[in-house]
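Chemist: I have a structure here, written as structure tokens, and I will follow up with some questions on it.
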Amino acid sequence: MPPSRHKTRMGRSASTSGRRKPPKEVFPKKKEHVLQSSLYHSFTSQETEAIRERLLAWYDKCKRDLPWRTTASTEPDLDRKAYAVWVSEVMLQQTQVATVINYYNKWMKVWPTVEDLARASLEEVNEMWSGLGYYSRGRRLQEGAKKVGIHGDLQVVSELGGSMPRSADELQKLLPGVGRYTAGAIASISYEQVTGVVDGNVIRVLSRMRCIGADSSTPAVSDKLWDLANALVDPERPGDFNQGMMELGATVCTPKKPLCTECPLQGQCKAFLKVNAEKEHAVKTLIKKQAVLNAEDVGDIEECDLGPGSCALCVPSSDPWDSSLGVANFPRKSAKKPSRVEQTATCVWEKCGDRGELEYLIVQRPSSGLLAGMWEFPSILLHNDLTEKDQKHSLLKLLQDLSGHSVPLKKLQYKGEVVHIFSHIHQTYMVYFLSKSTTENFSVKIEETEHPQTRWVTKEQFLNSAIPTAMKKIMKLCESPNSSCTAVNRSKKRKGDIVVQLPSARIKSEMGKQQSIQSFFKLATKK
């Protein structure tokens, strides 16, 4: 029996409630979403029942102990439960579970309810989110909280009167930054709404189970994956089933080196059956010492009756099956758009504070756009054709505008580069430094600027402010004992810094070691 294809759409990517709709609300589909595919890529009713039973049994036994799951299973208040799930799902977007746990615990300790978050400022939210990356997520959480909860000193009742939306459709429609997946996750886990979810982990599991090799980012294939997820979800335990699918993709059906022997669904996985059939074929070929076997000699494996050239869900004929990859042939990676390349000049301006501590000038970014509301060292976006001298002049003009003081060009020290890769921008920071000695030599003492978006902070205050990761790397670069070096931070991979010592610095270091050895022999000769 083929799975139900009904669904509700709102905008570009609506959430599906799982409730059956009259046919007139479903058909016809939009032409751009129509595809020709075989039942080979769907689940039978028997397979569906088996998948539900085996996945839930595995999840009950093997699920990880995570703080948001504890809250979701023990919190009786639906608003608190939905809020906790919402926070966790937003934090988990593009971020590993191990990284999220500490941030989640701190967040929930400071803002345990949506009303608490509604009263918080964007500055406080950014400070809490600092280091987690993709900062717009935190901002949208706070914007959503203000729509839901009571907020402000006057205890103004919000748009939603203090209650979280109670369905996937309403969650997606009413909360900023909540898309189809997040809405489905909140609704199924918090309210037991019978709706599937499709994230990167679920895409991988479904693609392998049904041998879907077409680009999953296209609307038609995405719709098919949502159809499959909604057909599979267990009506008795939708939240646990959805978490089980995501858990399976995160811990067993991984992108590389999947643990197929530990998978509870290997009997329903067509990619796994295909790999096994290939192994049987290879063994029989070796034993019989023949290059080609008859069809009856090969393990029985079903194939798509339409074929790669005709079926919109199969692997394209131009991208054949790679036996060395096994089940990791699925899903096929879609071509990524190249990142935008940008260069920014940044100055770390150091001065002695009133209490003798070193202080640094930081500037707040605009309230919208990339890194909205975050604090950074004075920075200016550069044109590609600027020379180093032009870069300095542009930066000096910015510093003069911010502080009201002219800075001699020769005092601006070049320290090196910091490369920071955002999701869509390859950013190179050209880092300059103004030392405290430069500041002390000014004829006019630098006072606190009256500009509302700038301030002088100590290093401790700097680290506790809403500072992007790239700025912390720039500070680390300027504190390096080397006069010039290059620091590279790839935020998407969450790798550590790579500090490359320039040849001149290495030569000096080696010369220092050589001189110390020569001195040792001179001393030994004198003795």
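The values are calculated or read from the model by the stated rules, or taken from the named source; none is laboratory data. Fair warning: this is a prediction, and the values are worked out from it, not measured in the lab. Glycine gets a Cβ as well: all are built from the backbone with ideal geometry, and neighbour counts include every protein chain shown.
Chemist: Could you tell me whether any residue of segment 4-21 is hydroxyl-bearing (Ser, Thr, Tyr), out of contact with any helix residue (DSSP H, G or I) (no Cβ under 6 Å at 6 or more places or on another chain) and at pLDDT 95 or above?
Modeler: So far as segment 4-21 goes, no, none of its residues is hydroxyl-bearing (Ser, Thr, Tyr), out of contact with any helix residue (DSSP H, G or I) (no Cβ under 6 Å at 6 or more places or on another chain) and at pLDDT 95 or above.
Residue-wise test of (1) in a helix (DSSP H, G or I); (2) modelled with pLDDT of 95 or more; (3) closer than 17 Å to Val178 by Cβ.
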position	(1), (2), (3)
Lys81	yes, yes, yes
Val87	yes, yes, yes
Met91	yes, yes, yes
Gln94	no, no, yes
Tyr104	yes, yes, no
Glu123	yes, no, no
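Chemist: Exactly one of (1) modelled with pLDDT of 85 or more; (2) surrounded by fewer than 20 Cβ atoms within 10 Å (Cβ to Cβ) is unmet by Ser318. Its number?
Modeler: (1)
Conditions tested, residue by residue: (1) part of a loop (DSSP other than H, G, I, E, B); (2) at pLDDT 90 or above; (3) under 28 Å from Leu463 (Cα atoms).
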residue: Met128; (1), (2), (3): no, yes, yes
residue: Gly131; (1), (2), (3): yes, no, yes
residue: Tyr134; (1), (2), (3): yes, no, yes
residue: Gln142; (1), (2), (3): no, yes, yes
residue: Leu160; (1), (2), (3): yes, no, no
residue: Arg166; (1), (2), (3): yes, yes, no
residue: Glu170; (1), (2), (3): no, yes, no
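Chemist: Run down Gly133, Gly161 and say which single residue is small (Gly, Ala, Ser), out of contact with any strand residue (DSSP E or B) (no Cβ under 6 Å at 6 or more places or on another chain), assigned by TED's automatic domain parsing to the domain that holds Gln243 and farther than 29 Å from Trp226 by Cβ.
Modeler: On the way: Gly133 fails: farther than 29 Å from Trp226 by Cβ.
Among Gly133, Gly161, only Gly161 is small (Gly, Ala, Ser), out of contact with any strand residue (DSSP E or B) (no Cβ under 6 Å at 6 or more places or on another chain), assigned by TED's automatic domain parsing to the domain that holds Gln243 and farther than 29 Å from Trp226 by Cβ.
Results for (1) charged (D, E, K, R); (2) in a strand (DSSP E or B); (3) in the same structural domain as Leu463 (by TED's automatic domain parsing); (4) touching a strand residue (DSSP E or B) at 6+ places or on another chain (Cβ under 7 Å), shown as yes or no for each residue.
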{"position": "Gly309", "(1), (2), (3), (4)": "no, no, no, no"}
{"position": "Asp319", "(1), (2), (3), (4)": "yes, no, no, no"}
{"position": "Asp322", "(1), (2), (3), (4)": "yes, no, no, no"}
{"position": "Gln400", "(1), (2), (3), (4)": "no, no, yes, no"}
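Chemist: Give all pairs with beta carbons closer than 6 Å in which a residue from segment 460-471 that is closer than 10 Å to Met374 by Cα meets a residue that is assigned to a helix (DSSP H, G or I); count only pairs at least 6 apart in sequence or on separate chains.
Modeler: Ala466/Asn126; Ala466/Glu127
Chemist: Could I ask something else about it? Working carefully through the options Glu448, Glu479, Glu460, find the one that is exposed (fewer than 14 other Cβ atoms within 10 Å of the Cβ), at pLDDT 90 or above and of a type in the set (Asp, Glu).
Modeler: Testing whether each residue is exposed (fewer than 14 other Cβ atoms within 10 Å of the Cβ), at pLDDT 90 or above and of a type in the set (Asp, Glu) leaves just Glu460.
Chemist: Hey, another quick one. Restricting attention to segment 247-278, which residues are exposed (fewer than 14 other Cβ atoms within 10 Å of the Cβ) and either free of Cβ contacts under 8 Å to residues at least 12 places away in the same chain or not in a helix (DSSP H, G or I) (or both)? Please lay out each step first, then the result.
Modeler: Initial filter on segment 247-278 (exposed (fewer than 14 other Cβ atoms within 10 Å of the Cβ)): 255-257, 259, 261-262, 267.
Answer for segment 247-278, where residues must be exposed (fewer than 14 other Cβ atoms within 10 Å of the Cβ) and either free of Cβ contacts under 8 Å to residues at least 12 places away in the same chain or not in a helix (DSSP H, G or I) (or both): Pro255, Lys256, Lys257, Leu259, Thr261, Glu262.
Chemist: Ok, one more. Pick from segment 173-202 the residues that are of a type in the set (Val, Ile, Thr) and part of a loop (DSSP other than H, G, I, E, B): which of them is surrounded by the most Cβ atoms within 10 Å (Cβ to Cβ)?
Modeler: Pass one, segment 173-202, residues of a type in the set (Val, Ile, Thr): 178, 182, 186, 189, 194-195, 197-198, 202.
Next, only the ones that are part of a loop (DSSP other than H, G, I, E, B) stay: 178, 194-195, 197-198.
Details: Val178: 25, Val194: 21, Thr195: 29, Val197: 31, Val198: 25.
Among those that are of a type in the set (Val, Ile, Thr) and part of a loop (DSSP other than H, G, I, E, B), it is Val197.
Chemist: Out of segment 365-394, which residues are exposed (fewer than 11 other Cβ atoms within 10 Å of the Cβ) and either part of a strand (DSSP E or B) or in the same structural domain as Gly138 (by TED's automatic domain parsing) (or both)?
Modeler: Of everything in segment 365-394, just one residue is exposed (fewer than 11 other Cβ atoms within 10 Å of the Cβ) and either part of a strand (DSSP E or B) or in the same structural domain as Gly138 (by TED's automatic domain parsing) (or both), namely Leu381.
Chemist: Within the bounds of segment 59-66, is there any residue that is assigned to a helix (DSSP H, G or I) and within 18 Å of the chain's Cα centre (by Cα)? Spell out the reasoning first.
Modeler: We begin by selecting, within segment 59-66, every residue assigned to a helix (DSSP H, G or I); these are 59-62.
The next check asks that each one be within 18 Å of the chain's Cα centre (by Cα); those that pass are none.
Checked against the condition, which is being assigned to a helix (DSSP H, G or I) and within 18 Å of the chain's Cα centre (by Cα), segment 59-66 yields no hits at all.
Chemist: Taking the condition small (Gly, Ala, Ser) and more than 15 Å from Cys62 (Cα to Cα), does Gly244 pass? Before the answer, list the steps.
Modeler: Values: small (Gly, Ala, Ser): yes; more than 15 Å from Cys62 (Cα to Cα): no.
For Gly244, the condition - small (Gly, Ala, Ser) and more than 15 Å from Cys62 (Cα to Cα) - is not met.
Chemist: Go through Glu53, Glu32, Glu75 for me and flag whichever is surrounded by fewer than 11 Cβ atoms within 10 Å (Cβ to Cβ) and either modelled with pLDDT under 95 or closer than 25 Å to Glu236 by Cβ (or both).
Modeler: Glu32
Chemist: Are any residues in segment 56-72 over 27 Å from Arg208 (Cα atoms) and surrounded by 14 or more Cβ atoms within 10 Å (Cβ to Cβ), and if so, which ones? Steps first, please.
Modeler: Taking segment 56-72 as the starting set, the residues that turn out to be over 27 Å from Arg208 (Cα atoms) are 67-68, 70-72.
Passing the criteria: Pro67, Trp68, Thr71, Ala72.
Chemist: Tally the residues that are among the small types (Gly, Ala, Ser), more than 20 Å from Gln391 (Cβ to Cβ) and surrounded by 13 or more Cβ atoms within 10 Å (Cβ to Cβ), restricting the search to segment 322-364.
Modeler: Pass one, segment 322-364, residues among the small types (Gly, Ala, Ser): 323-324, 326, 328, 334-335, 339, 345, 353, 356.
Narrowing further to those that are more than 20 Å from Gln391 (Cβ to Cβ): 323-324, 326, 328, 334-335, 339, 353, 356.
Pick out the ones that are also surrounded by 13 or more Cβ atoms within 10 Å (Cβ to Cβ) and you get 326, 328, 339, 353.
Total satisfying the criteria: 4.
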